[in-house]
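This report concerns only the one structure given below.
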Amino acid sequence: MSARLAWLASVRRSRRVPAGVATVLVVLGVVATAVTLDAPSDGGVVLLGGPGWGLGGVVVDVPAASPGPGLRTGDLVVAVAGRRLADGLGTVPRPGLGASVPYGVAGEDARVVAVRVDRPDPYPLLVQGWGDLVFVLALAGLAAALYLRRPEAPATAPLLVLAAGLLGSTLTVDAGLPVLALATGGPQLWLFHLNTIVSYSIGWGAFLAFVLAFTARQPLTPRVRRTIAVAYAAPLAVMAAWSGVAALVAPDALRWLGLLHSGQTAVVALALVAGTVWGVIGYRGNPDPLMRGRMRWILGGGAVAAVLGLAGWLLPELITGTQPLPWGALGLSGLPFVAGIGVALRSHRLFNVERLANRSLVYATVVAILVAGYAAVVALLVSVLRLSSTAAAALAATGAALALAPLRNAAQSTVNRVMYGDRHDPEGALTRLGTRLQAVLLPAEVLPAIVETVARSLRVPYVAIDLVDGAGGRHPAARHGAPAGEVHTEPLRYHGTLVGLLLVSARGPDDPLDPIDLGLIASLAQQVGSAVQAVRLHDDLARSRAEVVASREDERRRLRRDLHDGLGPALAAIGLKAALAARAVPGDSAARSLLGEISAEASASVADIRRLVEALRPPALDELGLVGAVRSRAATLAGAMPIEVVGGEGLPPLPAAVETAAYRIAVEAITNAVRHSGATGCTAEIALAAGGVEVTVRDDGRGLDPERAPGVGLRSMWERAAEVGGECSISSLPEGGTRVRAFLPADLGESGRAR
C-alpha cells in the first residue's frame, strides 16, 4: 500500500512540474509585455533578424510611421542621444515622456532624427503581429485543455510547455524592443531577452520532447524518458554554450546580442528539421494503424509548418539577414500543426477527447474570425473614414462584442455538423437515407448501404445490423467501422415484430451518445426496420429457391441412378431375352416377328432412358468428378485452341445443385471462348473459396462487345449462379480477353444471407 501511495505521489509531482514551468514561462512573457508597454518608446521596434547588428547599429521597423522627418522602417540606427550603441548598452539616461531625443541614422540616408518619446501604441503592434498571436493562442488553449483532460498522456506535458514558451516569447516579441531600450538598458532589455532567448529555447526543447513522446511506443521505457529529458534541455544548452562563444568573439555587447539572435534562429531551424526527421522515422517504424493515422495528421501538419517556416523566414534570415515575408505572419506558418492536432482529435480520437476537440475547434474558429475581423474593421475605419486609432479600436471592439454570440452559435452549429453529422437535422438524415437506398441496385447492398449512411449521418465510428430469426437468434448482417466506446442497441421492428438490431457505437470513451443522438437513431430505426424486413424476405426467398434447386438436383441424381442402375439394365435384359427367344422360334412363325419387335422396342427404350439420364445430370460428374468432367468436355471442344483446366482434384463433396451449376457455367464459358472470342488460348480454374467454390474462365480474345446485348449463354450463367445463391460476373480484361468468374456457396442453407 505504501509503495502504491508513493507511486501516486510521484505521478502527481511529475504532473505539477510541466504546469509550473508553463506558468512561469507565460508569466515571464506577460511581465515583459507589460513592462514594454509601460516604458517610454520611440515608436519603432528592433528587427531581430536585421543585418544592422554587425554594422554598429540596429535596423528598425516602424509599425505606425507618422509623416515628417521621423524614423522610417529600414533605418539603421547607430546612436541615441549622441552615444553610439556599439560603445555600450544602457549608457543613456531614461528620458521622460514627451522628451525629444536625437537618433543617429547611418547608411545612404544618413541623418540625425529628433524622435519624440511616448508610450507605445499597442494597436499597430497588434495589427502587425496578429498572425503570431492567433497561432500561439490557439496552440496554448488546445495544449492547456489537453493537459487538463489527459495529464497522464506522455505527449501532453511537452505540448503544454511548448505552447507556453511560444506564447510568452511571442507576446514579448510582438510588444517589440524599441531602440531606446538598448540605449537605456534596465529591466525592459533583460526581460525581453530572457523571453526571446531562454523561454524560446525551452519551448523548442519541449517541441523535440513532444515529437519523441508522441512517436514512441507506450508505455515509455526508461531509455526513452532519458532521451526526452535530454531533448528538453538541448536547445537551451546549445544557446548557453553559444552565448559563451559569442561573448569571446564579439567586439561589443551589441554585436553579442546580434550573434545570440542569429544563433537562436539557427537552433530553431535545426529543431524543426530534427523534429520532422524524427517524426518520419517514428511514423515509419510504428506498426499500429490507429497511431499511424493520428501521427499522419499531426506530423504531416508539423512538416508543412516546418517547411513554411524554414523557407519563408528562418533560412532567408540566416543566409541574407532579411525575411522576405512579414515577421508578424510567422505564426501563420504554424497553423497547419494546430490543424493537424484538431483533425487527429476529431477523426482519430487523439487522446480520446472528442468533446475537447469540439470546443477547441469552436473557440479557435471564433477567435480567428474575431481577430481577423477586428483588424480589418480597424484598418478600414482608419484608412477610409480617417478615424483615430483609438476611436476605430473602440468601434471595432464594440462590433466584436455584438458579433460574439451569433458567431459562436454559428461556429458551434458548423463544428457540430462536422463532428456529429445530422443529429440536429433528423429530416435531412432521413432524406439522405432514403436517397441512398433508392440508389442501391442489389438487395445484398441494402444493409451495407444503411450502416454506412447511418455512420456518416451521425459521425460515429461503428454501426452494425444484426438480423433476428424466429427463435431469437442473432445473425451479423452488415458492419461499418470498429467500436470506439459503449455500443447502443436499437431494436428494428416491422409491424411490431422484432426483425433486427441496429448497433451504434459512441464516438469515444468520453463522448457517449447524447439524447439527441438516441432520438435520431430511433427515428432512423423506424425506416430501417422496413428495409431490413424486405432484405429478410429476399433472403428467405433466395434460400427457399436454393433449397428447391438443391432438392431438384438431388432428386435428379436419384432418378438418374435409378434409371441407370435399375430400369435401364432391366429393359436391356428384356431385349436380350427376346432376341434369344426369337432364335429358338422357327423363322416363319408369327411369334418370331413379335419377339423381334419386343427386342427393338426394348433397345429404343434403353436409348430413351440414356437420353433422359444425360439430360437430368451430366454423367461425367458422377464418373470423373467436377474438375475431371470439365476437363473431359474441354478436350472435345478444344480443336486448334489449347484449353487448360486447373483445379484441386481433392475438392470436397459438393451439393448436386452446386456441382451441376459449376459444370454448366464452366462449359458454357469455354464454349463461348471457342466459338466467339477469337482467342488463341483459354484457362479454366476451379478452386475452393471462403464458404464455397469459385469458377474462373479466362481467354485472350477480343473481349466483350459493349454494343451487343447479352445472349442466351451469358444469361444462363447468371441464372444458374443465382439459382444456388451465388454470383457471376463477366468482364473484359484490360490486357485483352474476357473473364468469367462465378462464386457458388457450398452451403445452400446460408446462400440467402448477406455476405
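Summary of values
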| item | result |
| --- | --- |
| Sole exception among (1) under 30 Å from Asp539 (Cα atoms); (2) open to solvent by 40 Å² or more (accessible area, probe 1.4 Å); (3) in contact with a strand residue (DSSP E or B) (Cβ under 9 Å, 6 or more places away or on another chain) for Asp700, by number | (1) |
| All positions within region 635-644 that are within 52 Å of the chain's Cα centre (by Cα) and either more than 9 Å from Cys682 (Cβ to Cβ) or crowded, with 21+ Cβ neighbours inside 10 Å (or both) | Ile643 |
| Test: residue in region 709-723 that is touching a residue at least 12 places away in the same chain (Cβ under 8 Å), in contact with a Cys (Cβ under 8 Å, 6 or more places away or on another chain), crowded, with 22+ Cβ neighbours inside 10 Å and not in a helix (DSSP H, G or I) | no |
| Those residues of region 711-751 which are touching a strand residue (DSSP E or B) at 6+ places or on another chain (Cβ under 7 Å) and farther than 24 Å from Gly701 by Cβ, in sequence order | Val724, Gly725, Gly726, Leu744, Pro745, Ala746, Ser751 |
| Candidates Leu563, Leu520, Leu567, Leu524 - the one that is assigned to a helix (DSSP H, G or I), at pLDDT below 75, open to solvent by less than 50 Å² (accessible area, probe 1.4 Å) and of a type in the set (A, V, I, L, M) | Leu563 |
| Hits in region 183-219 (condition: buried (at least 24 other Cβ atoms within 10 Å of the Cβ), closer than 28 Å to Val78 by Cβ and of a type in the set (Gly, Ala, Ser)) | Ala183 |
| Residues that are assigned to a helix (DSSP H, G or I), open to solvent by 70 Å² or more (accessible area, probe 1.4 Å) and either within 18 Å of Gly203 (Cβ to Cβ) or of a type outside the set (D, E, K, R) (or both), drawn from region 251-260 | Trp256 |
| Counted residues, region 368-395 - those being farther than 15 Å from Pro122 by Cα, within 40 Å of the chain's Cα centre (by Cα) and among the hydrophobic types (A, V, I, L, M, F, W, C) | 6 |
| Test: residue in region 326-335 that is at pLDDT below 80, among the polar types (S, T, N, Q) and either within 30 Å of Ala401 (Cβ to Cβ) or in a helix (DSSP H, G or I) (or both) | no |
| Odd one out for Ile686, checked against (1) in a loop (DSSP other than H, G, I, E, B); (2) more than 30 Å from Ile465 (Cα to Cα); (3) touching a residue at least 40 places away in the same chain (Cβ under 8 Å) | (1) |
| Test: residue in region 646-668 that is more than 50 Å from the chain's Cα centre (by Cα) and among the basic types (Lys, Arg) | no |
| Qualifying positions in region 218-250 - at pLDDT below 90 and not in a helix (DSSP H, G or I) | Gln218, Pro219, Leu220, Thr221 |
| Among residues of region 706-738, those that are of a type in the set (Gly, Ala, Ser) and under 14 Å from Asn672 (Cα atoms), counted | 6 |
| Test: residue in region 498-514 that is open to solvent by 70 Å² or more (accessible area, probe 1.4 Å) and either among the β-branched types (Val, Ile, Thr) or at pLDDT 70 or above (or both) | no |
| Single condition Val463 does not satisfy, out of (1) surrounded by 20 or more Cβ atoms within 10 Å (Cβ to Cβ); (2) farther than 30 Å from Gly726 by Cβ; (3) among the hydrophobic types (A, V, I, L, M, F, W, C) | (2) |
| Exclusive hit being in contact with a strand residue (DSSP E or B) (Cβ under 6 Å, 6 or more places away or on another chain) and either part of a helix (DSSP H, G or I) or not hydrophobic (A, V, I, L, M, F, W, C) (or both), set Ala183, Ala209, Ala144, Ala138 | Ala183 |
| Gly68 vs. criteria more than 49 Å from the chain's Cα centre (by Cα), at pLDDT below 85 and open to solvent by less than 60 Å² (accessible area, probe 1.4 Å) | yes |
| Breaking point among (1) out of contact with any Ser or Thr (no Cβ under 7 Å at 6 or more places or on another chain); (2) part of a helix (DSSP H, G or I); (3) under 29 Å from Asp75 (Cα atoms), for Leu177 | (2) |
| Residue tally, condition surrounded by 21 or more Cβ atoms within 10 Å (Cβ to Cβ) and within 36 Å of the chain's Cα centre (by Cα), over region 233-250 | 1 |
| Residue in region 665-691 that is surrounded by the most Cβ atoms within 10 Å (Cβ to Cβ), counting only those that are touching a helix residue (DSSP H, G or I) at 6+ places or on another chain (Cβ under 6 Å) and among the aliphatic types (A, V, I, L, M) | Ala666 |
| Qualifying residues in region 467-493 (those that are in contact (Cβ under 8 Å) with a residue 24 or more places away in the chain and closer than 17 Å to His538 by Cβ) - the one most open to solvent (accessible area, probe 1.4 Å) | His475 |
| Subset of region 109-157 [among the acidic types (Asp, Glu), open to solvent by 30 Å² or more (accessible area, probe 1.4 Å) and either touching a Ser or Thr at 6+ places or on another chain (Cβ under 9 Å) or in contact (Cβ under 8 Å) with a residue 60 or more places away in the chain (or both)] | Asp118, Asp121, Glu152 |
| Where a residue in region 18-43 is outside any helix (DSSP H, G or I) and its partner, wherever it lies, is modelled with pLDDT of 90 or more and of a type in the set (Phe, Trp, Tyr), with Cβ under 8 Å and at least six apart | Asp42/Tyr103 |
| Scope region 363-373; condition under 16 Å from Ala405 (Cβ atoms) and at pLDDT 75 or above; matching residues | Thr365, Val366, Val367, Ile369, Leu370, Gly373 |
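The values are calculated or read from the model by the stated rules, or taken from the named source; none is laboratory data. What you see is a predicted model, and the numbers here were worked out from it, not measured in a lab. With ideal geometry, Cβ positions are generated from the backbone for all residues, glycine too; neighbour counts draw on all protein chains shown. When the accessible area is computed, the model is the full protein with side chains, heavy atoms only, and any ligands, DNA or RNA have been set aside. Shrake-Rupley method; radii C 1.70, N 1.55, O 1.52, S 1.80 Å.
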